[in-house]
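The values are calculated or read from the model by the stated rules, or taken from the named source; none is laboratory data. Values in this document were obtained by computation on a predicted structure and should not be read as measured data. Here Cβ is always computed from backbone atoms with ideal geometry, including for glycine, and neighbour counts include all displayed protein chains. Just the protein is used for accessible areas: all its heavy atoms, side chains included, with ligands, DNA and RNA removed. Shrake-Rupley method; radii C 1.70, N 1.55, O 1.52, S 1.80 Å.
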Amino acid sequence: MGALIVLFFAGVRYWLQDLGISMNWWKWALLVLWFTILGITLGGGFTLMGENEWSAGIRFMVFFGVILLLAGAGLWLILTKSRAGRSG
Amino acid sequence: MKYSGLAGGALTLAGASTAGFMAGKNKDSHTGFGRAPYGKDQFFNRKPFLVEKPTYRVVGKPSRIQYLDHLFRRNSELRRYIFSGAGGDFQKVRNEGTEALPEPLKNYYEKNPSAFEEFFRAMDKAEEQRANWEKYKDKYMLAEAWSTAHASVLSGSGSFPQEPRESPEISDFEGVNSSRLKLKSPKHGSGLIKKITHSFGATLAGITAIKEEWVYQGSLRGAGRGDFKVPDHWKYAVVFAVPHEWESFYANPTYGTSYDAYTMLRFISSKVETFIKEIGYPARSHVPPTSYDLVLPPLGIDAGLGEQGRNGILITPELGANTRLAAVTTNMPLEPDKPVDLGILRFCNKCKICAEECPGKAISFEDSPGKEIRGFKRWSIDQDKCYTVWNSVATRRPSGCRICLAVCPYSRKNNWIHTVAREADPRDPTGITSSAMLAMQKNFFNYPGGDQYLPPPEGENKTYGNPPDWLITEEWFDF
């Protein structure tokens, strides 16, 4: 699992470079946090489903999924702000 | 690299989902039914939450509970009168009212007239269900067989342990080893007995000094009826707990029985009693639902196992409300454990799920324990309404109802998601964690609601959790 996470963030680094997005430590921290919460949301929802609480698991993932989607959109705006500033 | 990274991210999330699913499904995370007989199921670290005084509120002079305050004893006393004094004519006794009852029943029911009427309502429901049983007996054959098997060791000559035949001053000393070694200290005594109790199968174990107010008055096993002093050698109680089998526990009461936990407790307590006698001290087992002289939940609170719940049950961090208790009394030198404040009482103030889901509306909706009962502030539980529900469940004979235990948010598995809640809530003085947990509990989980757990005409025999396949008759038999 650790190797997959390293691979993921290494890949992200190349994606961000190609998109012209410059990163610093707090932007990376925000990105890691967002991805961690996404993992916890999926893990939590599926844990409830494993407990035979299927509807609770789905509601859990939908509720936190919507919040994460909005937070992800906000994060994307923050990350791309520097790119927009540079190209402008 | 870019696409490998994407694949890595997708696999990470898939891994988190699969690990979560497996954690939820894992049967070893059912506390008390796992693989650890060495006390590891008592996994919650209580040390940061130890307090000098228990969290229940003393508001007056504590008094001892009378044996007629106990539903089963009261009902069996009334039944005994109906069969021996009134020729088995229930209707006659009902019509004659409380006036015609012998003492002390008369005194009790004159003070609690609704309990008298509720008893006959319960009997009506029992008769109704006996008539309906023909309709249900094939469908619920396995559930009934399972419950009956568990109950089989509870009565008659096969009962283990045998009921004491003499007063505690005699029977508790029978078989005590006369050559006793010097115990190093009471602390050693407590440590040893708790380890031994766990080795006999107890999920939780604690020690407390016995307070007079937790000993029933008016009846004592082996001694009969009358006013009794608390025996001098009842200095300490070893209090221990096991859960009900978790999968049947979450299902409709038709699929469950209290006896699955109580029979385990009978074996454990008999062994603890024998062990204590073998090392030279008197001992007596106390196991509900029939063979005990002590009120067990407050003893569990004093022993630091958990706190009082709105439903009248001891709620513990490991088992939630799925905590069934027994005790052994002794004068072996022991060091009592301290009580704990885990915020359970504060959580119960705002939760109320058990009261909302109770088919008998027997649990109080008050915001905080408001009724003074024998010197303590408590939530009131209407035992008689609860018993009417027992008699309304689709079973061959009344085997109980455990809805208030099953729907309790604390009654959860020992996996990571519930560990987060269990560890975070008692450390949060603001109460935000418990409010957030409760909001999720009420909005994410499905609760059928009150009457719906009962068979027609009251409800549709709905369930909170699905019964396990090994209790579903049609999975194994054609009918």
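Some observations on this one:
- Residues that are among the aliphatic types (A, V, I, L, M) and more than 19 Å from A:A56 (Cα to Cα) were ranked within region B:387-404; the one that is farthest from the chain's Cα centre (by Cα) is B:A394.
- Meets criteria (open to solvent by 40 Å² or more (accessible area, probe 1.4 Å), at pLDDT below 95 and on the phi < 0 side of the Ramachandran plot) for B:I373: no
- Test: residue in region B:437-444 that is within 14 Å of another protein chain (Cβ to nearest Cβ), over 18 Å from A:S55 (Cβ atoms), touching an Asp or Glu at 6+ places or on another chain (Cβ under 9 Å) and open to solvent by 30 Å² or more (accessible area, probe 1.4 Å): no
- Filter pass, B:F83 being more than 14 Å from chain A (Cβ to nearest Cβ) and under 21 Å from the mean Cα position of the chain (by Cα): no
- Single condition B:R412 does not satisfy, out of (1) within 14 Å of chain A (Cβ to nearest Cβ); (2) farther than 24 Å from B:G256 by Cα; (3) touching a Gly at 6+ places or on another chain (Cβ under 7 Å): (2)
- The set of residues in region B:427-436 that are surrounded by 12 or more Cβ atoms within 10 Å (Cβ to Cβ) and either touching an Asp or Glu at 6+ places or on another chain (Cβ under 6 Å) or assigned to a loop (DSSP other than H, G, I, E, B) (or both) comprises B:D428, B:G431, B:T433, B:S434.
- Qualifying positions in region B:10-39 - at pLDDT 85 or above, open to solvent by 80 Å² or more (accessible area, probe 1.4 Å) and more than 8 Å from every other protein chain (Cβ to nearest Cβ): none
- Candidates A:F8, A:F64 - the one that is in a helix (DSSP H, G or I), out of contact with any strand residue (DSSP E or B) (no Cβ under 6 Å at 6 or more places or on another chain), at pLDDT below 85 and within 14 Å of chain B (Cβ to nearest Cβ): A:F8
- Within the set A:T80, A:T47, A:T41, the sole residue that is at the interface with chain B (Cβ under 7 Å from one of its Cβ atoms), of a type in the set (S, T, N, Q) and open to solvent by less than 60 Å² (accessible area, probe 1.4 Å) turns out to be A:T47.
- Each residue in region A:1-21 was checked for being open to solvent by 50 Å² or more (accessible area, probe 1.4 Å) and either over 17 Å from B:T12 (Cα atoms) or in contact (Cβ under 8 Å) with a residue 24 or more places away in the chain (or both), and 5 of them qualify.
- Helices (runs of 4 or more DSSP H) contained in region B:273-389 and holding at least 1 residues touching an Asp or Glu at 6+ places or on another chain (Cβ under 7 Å) and among the polar types (S, T, N, Q): B:344-351
- Among the residues making up region B:447-475, those that are in contact with a helix residue (DSSP H, G or I) (Cβ under 7 Å, 6 or more places away or on another chain), open to solvent by 80 Å² or more (accessible area, probe 1.4 Å) and in a loop (DSSP other than H, G, I, E, B) are B:E460, B:K462.
- Any hit, region B:237-251, residues being under 25 Å from B:M332 (Cα atoms), modelled with pLDDT of 95 or more and assigned to a loop (DSSP other than H, G, I, E, B): no
- Look at region B:120-131: where a residue is under 16 Å from B:T98 (Cβ atoms) and a partner is at pLDDT below 95 and open to solvent by 80 Å² or more (accessible area, probe 1.4 Å), sitting 6+ places away or on another chain with Cβ atoms under 9 Å, you get B:F120/B:Q91.
- B:L68 satisfies every condition listed in (1) more than 20 Å from the chain's Cα centre (by Cα); (2) under 30 Å from B:E103 (Cα atoms) except (1).
- Residue within region B:406-414 that is in a helix (DSSP H, G or I), open to solvent by less than 50 Å² (accessible area, probe 1.4 Å) and under 30 Å from B:F120 (Cα atoms) present: yes
- Taken over region B:55-98, residues that are part of a helix (DSSP H, G or I), open to solvent by less than 30 Å² (accessible area, probe 1.4 Å) and in contact (Cβ under 8 Å) with a residue 60 or more places away in the chain amount to 4.
- Counted residues, region B:17-43 - those being touching a helix residue (DSSP H, G or I) at 6+ places or on another chain (Cβ under 7 Å) and in a loop (DSSP other than H, G, I, E, B): 7
- Of everything listed in (1) part of a helix (DSSP H, G or I); (2) facing another protein chain (nearest Cβ under 8 Å); (3) within 14 Å of B:F444 (Cα to Cα); (4) open to solvent by 40 Å² or more (accessible area, probe 1.4 Å), the single unmet condition for A:A56 is (4).
- Scanning region B:445-479 for residues that are of a type in the set (A, V, I, L, M, F, W, C) and more than 10 Å from every other protein chain (Cβ to nearest Cβ) turns up B:L454, B:W470, B:L471, B:I472, B:W476, B:F477, B:F479.
- Meets criteria (touching a residue at least 60 places away in the same chain (Cβ under 8 Å), away from chain B (no Cβ under 14 Å) and assigned to a helix (DSSP H, G or I)) for A:L33: no
- Residues that are closer than 19 Å to B:A14 by Cβ and among the aromatic types (F, W, Y), drawn from region A:26-69: A:W34, A:F35, A:F46, A:W54, A:F60, A:F64
- B:G201 vs. criteria within 30 Å of B:A321 (Cβ to Cβ), in a loop (DSSP other than H, G, I, E, B) and open to solvent by 10 Å² or more (accessible area, probe 1.4 Å): yes
- The set of residues in region B:407-432 being over 14 Å from B:K350 (Cα atoms) and hydroxyl-bearing (S, T, Y) consists of B:S411, B:T419.
- In region A:11-22, the residues that are more than 9 Å from chain B (Cβ to nearest Cβ) and either touching a helix residue (DSSP H, G or I) at 6+ places or on another chain (Cβ under 6 Å) or assigned to a helix (DSSP H, G or I) (or both): A:L16, A:Q17, A:G20, A:I21, A:S22
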